[in-house]
Amino acid sequence: HALLKKWWLIFIGGTIGALVMGLVTQFLITPQYESSAMLYVLNKTTTVTTMADIQIGSALSSDFAVIATSKPVIDTAIKQLEEETGNRYTRKDITTALRVHNIDDTRLLKITITHEDPQVASDMANAIAEATSSQMAEIMKSEPPTIAEWAEPSEKPASPSFLKNVVLGFLLVAVVICAFIVVLCILNDSEAQAARIP
């Protein structure tokens with residue numbers, strides 16, 4: 001009942017919270033862009049004719065995920081990026097932006113880079129994909145795995161989500177106000193009961 005009586009306060013507070021979060025998202029948070037390249041684990045010389053081949057390919061995906069984040073791959077990608085773009089990066093620059101995972105029930109390895117510059121994200125993802133392919137070919141003494149998809153600059157940022165942050169801002173402030181109202185109501189009721197006790 002107390003919450004219903006103060007619905008206007010909850011609504012106004014939530015609206016202010018949503019407005020603040022919207023402004024913070026729009027002007028204070030740097031947009032992040034994602035670009036992904038994909039590697040097909042089985043190389044060009046492999047013929048998939050048996051279940052064993054498929055299982056081997058799936059197992060190799062886990063190996064690729066580890067190799068893709070190794071120092072030799074990162075260093076090769078850094079060198080390639082410097083030669084192609086003129087930009088020099090550190091291992092930390094790459095590793096903090098890099099995410100590698102095997103797509104479920106496939107032999108595809110997805111290499112994703114998150115960066116504030118969509119072109120840089122694309123360049124990094126492609127450099128890591130090429131370096132990973134070359135490194136795996138060297139380790140396995142075979143043809144390099146196929147790059148199934150090259151990364152492209154993203155037109156829309158992956159984060160932050162303006163709508164999500166606005167909703168969270170509204171709900172956060174609304175919940176805080178509701179909690180405050182409930183606490184005051186309980187305290188007032190306790191004081192009233194104590195006053196009635198002889």
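Where the centre of each part is set by its Cα atoms, how far does segment 161-181 sit from segment 86-138, in angstrom?
Segment 161-181 and segment 86-138 have Cα centres separated by 36 Å.
Would you mind calculating the gained length between VAL175 and ASP105 on full extension (0.36 nm times residue separation, minus the Cα-Cα distance), in nm to one decimal?
Stretched fully, the VAL175-ASP105 segment lengthens by 21.1 nm.
Which value, in Å² rounded to 10, gives the accessible area of LYS6 with a 1.4 Å probe and all protein chains present?
90
Here is the link list: LYS79/LYS110; LYS71/LYS141; LYS110/LYS141; LYS71/LYS156; LYS79/LYS141; LYS79/LYS156. Which ones come out longer than 25 Å on Cα distance?
Values: LYS79/LYS110 22 Å; LYS71/LYS141 19 Å; LYS110/LYS141 22 Å; LYS71/LYS156 31 Å; LYS79/LYS141 23 Å; LYS79/LYS156 28 Å.
LYS71/LYS156; LYS79/LYS156, as the Cα separations exceed 25 Å there.
Pop the C-beta distance of GLU82 and GLN119 into the FRET formula with R0 = 22 Å and round what comes out to the nearest 0.05. Please report the intermediate quantities before stating the final value.
On the way: r = 15 Å, r/R0 = 0.70.
Step by step, r from the Cβ atoms, then E = 0.90.
Which value, in Å² and to the nearest 10, is the accessible area of THR69 when all protein chains are kept and the probe is 1.4 Å?
70
The values are calculated or read from the model by the stated rules, or taken from the named source; none is laboratory data. Predicted, not measured: the structure shown is a model, and the values here were computed from it. Heads up, the Cβs are rebuilt from the backbone with ideal geometry, glycines too, and the neighbour counts pull from every protein chain shown. The accessibility values were calculated without ligands, DNA or RNA, using every heavy atom of the protein model including side chains. Shrake-Rupley method; radii C 1.70, N 1.55, O 1.52, S 1.80 Å.
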